[in-house]
1. Provide A:Tyr173, B:Tyr19, B:Tyr131 in ascending order of the number of other Cβ atoms located within 10 Å of each residue's Cβ, fewest first.
2. Would you mind calculating the gained length between B:Thr4 and B:Asp161 on full extension (0.36 nm times residue separation, minus the Cα-Cα distance), in nm to one decimal?
3. In nm, give the distance between the simple-model label positions of A:Asp144 and A:Lys5, each being 7 Å from the Cα along the Cα-to-Cβ direction.
4. Other chains near A:36-49: what is the mean number of their Cβ atoms within 10 Å of each residue's Cβ?
5. Which of the three applies to region B:1-78, rounded, prolate or oblate, going by the alpha-carbon gyration tensor with a ≥ b ≥ c and a/c under 1.5 meaning rounded?
6. Starting from the Cα of A:Thr23, step 7 Å along the direction of its Cβ; do the same at A:Arg159; then give the gap between the two resulting points in nm.
7. Output the pairs from A:Lys46/B:Lys132; B:Lys40/B:Lys132; A:Lys46/B:Lys40; A:Lys22/B:Lys159 with a Cα-Cα distance over 25 Å in this structure; if there are none, say none.
8. Fewest Cβ neighbours within 10 Å first, please rank A:Asp144, A:Asp29 accordingly.
Amino acid sequence: MHEEKFTDEVLMAYADGELDAKTRREVEDAIGRDTALAERVELFMKTRALLAGTFGTAKVSVPDDLEARVRQMAGGAEMEESASGAEVLPFRQRSAPRQQGFAQRHALPIAASLALVAGGLLGYMAAGQPERAGGIEIAGLADDRIVEALNVSPSGETRQLGEDARFEAIATYRDGAGTLCREFEVSARGTSHVAVACQEIDAWQLRFAASQVDVNGDFVPASSLEALDAFLMATRAGAPLSAEDESAALSTLR
Amino acid sequence: MKSTFADEIVDLLPNLRRYAFVLSRSLDVADDLVQQTCEKAFASRSSYAQGTNLSAWLIRIMRNTWIDRVRRDRTRGESVDIVDRPDAIFTDGAHDTETHLMLGNVASALQELPADQREIIMMICVEELSYKEAAAALGIPIGTVMSRLARARTTLAGKLDLN
């Protein structure tokens, strides 16, 4: 008999309607002959029905103010689109005049600062210019003190890199390719960068860096974190390693 | 009348709130997470491919937002145990003892699963993402989605005596 070739995964995929037509027919034939297989499929159907029935149909409350805030954001986003003349999707909604104030106060400045960060970042990366944070060179990770900190600092630790410079380890994770990466911040004399370095050929390579300080010298963590998010999403960053896993991963570097 | 992008997102707010609550187990953090997710959704709307599953796209954004939050902020707000307080987000059944008990039992079994299994079982069985959409949201291969999901469901069935 061939029945044992159907793993739990395949039987579950059958229950979930995720199989291709050919495999589906094979499973159908098999469960007609083998009640144990049929029961296994039923178990997967039951768990789904139970969860869907319990959580899916229960009404989830949404506080009025939450919905109102989201509606307001939508208005702001549309104002930004029409103001910049950006291409709009067909189902764009005309914004109500009362939402203009919100857009002017919030949406436009956020978009503007994002563009500055993205522009600045691309600018220096393309030009190959080292990014300096008050004497600490981040771009090439040329500074031995940063490399040392990346090798040894557990996430959450802050260490001084000399008189005015500070390093903070934020998190360690593996990206979609399984490469070990660390997110960190370096600040020195009024400038601050959030950055990601990954291990390549036994050395730390800078993969991402964004300034957290705008042209006016104001601290703008939100926009650099937006850029960081986009980077993490694009590189399929995994969840942060636990303290133990991080320690084990870092110990292999020495 | 055609529904707008904003309408579609507002329609999904209950789903987002439910998912945020399962991720964070905190009401305050959940609502914060929903709001941040919507902000990012409106800001990066151009990256949403029309005609694809909006819910899957939003869950992916939420998950990344959550991971980033865990990265930078080890305090996660005050935990609310869904087992004790299912009525915290679920309005139905607050007055219906049987539904309340059922919700409590299933929620309790769910909370005993490892976080990665809890997350995937919610994505597929409750939020109705396809395996492919879940794999994209989690940044893992479909094979891993399937093995993790099968493990989660057999464990859950054992805990709830569905065998």
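What follows draws every value from the coordinates through simple rules; no lab data is involved. Fair warning: this is a prediction, and the values are worked out from it, not measured in the lab. A quick note on method: Cβ atoms are made from the backbone with ideal geometry, for glycine too, and the neighbour counts reach across all protein chains shown.
1. B:Tyr131, A:Tyr173, B:Tyr19
2. Gain on stretching B:Thr4 to B:Asp161: 52.1 nm.
3. Result: 6.2 nm between the two label points.
4. 3
5. It is prolate, given that a/c is not under 1.5 and a/b is the larger ratio.
6. Roughly 4.8 nm, to one decimal.
7. The pairs that break the limit, which is 25 Å between Cα atoms, are A:Lys46/B:Lys40; A:Lys22/B:Lys159.
8. A:Asp144, A:Asp29
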